[in-house]
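Here's the structure, in structure tokens; my notes come after.
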Amino acid sequence: MTAELSDVRISIGRPGLRVALAGDVSAIDAPIVVRRPTLRDAQRARSVLRSGTRDTANFSVALEVEVAIAPNAASARAAVAGIPDELDGGTVRYIGTPGGLVTLIRDIYAAEVADAVILVSLDGSATENRVRQLVLPAFTGAARGVA
């Protein structure tokens, strides 16, 4: 039995997950960066953007996520308590623990919300240091798996 061309499905692929802090060199490499208030909105934007390309394996859409992380969620909330809601950058915001942030990033990739995540610190160097020490290592080398 021979299959006609219309019956054949070809999966070209998808770029691997990339995670970076805003301002880092690898964050600048993302060709398209979106800012959306919800994960659903970001997923729709990615779908629309990727629908116009034939080379999906090399076409990456990054989502900016505003973050504040601390050893416990209460400390993270306290760190951003003085930031007025009006300063909200119009994108997804995560305030919690490093482990929770790692899980969120993996979920963003697994649900095809984005192919890359650019983290924007809400509380300055405290979160940036924690991201470098506790979050980014989860996405390098053998730890890159998203399952």
task = Report the local net charge at Asn129: Lys and Arg +1, Asp and Glu -1, summed over other residues whose C-beta lies under 14 Å from its C-beta.
result = -1
task = Describe numerically, in nm with one decimal, the distance between label points set 7 Å from Cα along Cα→Cβ at Arg50 and at Ser125.
result = 3.8 nm
inquiry  = Using each residue's phi in region 129-139, evaluate 6.51 cos²θ - 1.76 cosθ + 1.60 at θ = phi - 60° and report the 3J(HN,Hα) Karplus result to the nearest Hz, with x for Gly and Pro.
reply    = 5, 5, 4, 5, 7, 10, 9, 4, x, 5, 10
remark   = Listed by chain and number, the residues whose amide H is under 5 Å from that of Ser121, excluding neighbours fewer than 5 places away on the same chain and using placed H, are Ala22, Val67
request  = Please arrange Ser121, Ser51 by accessible surface area, largest first, computed with a 1.4 Å probe and ligands excluded.
outcome  = Ser51, Ser121
request  = Return the long-range amide H neighbours of Val19 (sequence gap of 5 or more, or a different chain), with a cut-off of under 5 Å between placed amide H atoms.
outcome  = Val117
query = Where does each of Ile105, Ile95 land when they are ordered by accessible area, with a 1.4 Å probe and the largest first?
reply = Ile95, Ile105
query = Taking a probe of 1.4 Å, how large is the accessible area per residue of region 69-133, in Å²?
reply = 46 Å²
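The values are calculated or read from the model by the stated rules, or taken from the named source; none is laboratory data. Being a predicted model, the structure only gives us computed values, none of them experimental. Please note: Cβ atoms are built from the backbone with ideal geometry, for glycine as well, and neighbour counts cover all protein chains shown. Accessible surface areas use protein heavy atoms only, side chains included; no ligands, DNA or RNA. Shrake-Rupley method; radii C 1.70, N 1.55, O 1.52, S 1.80 Å.
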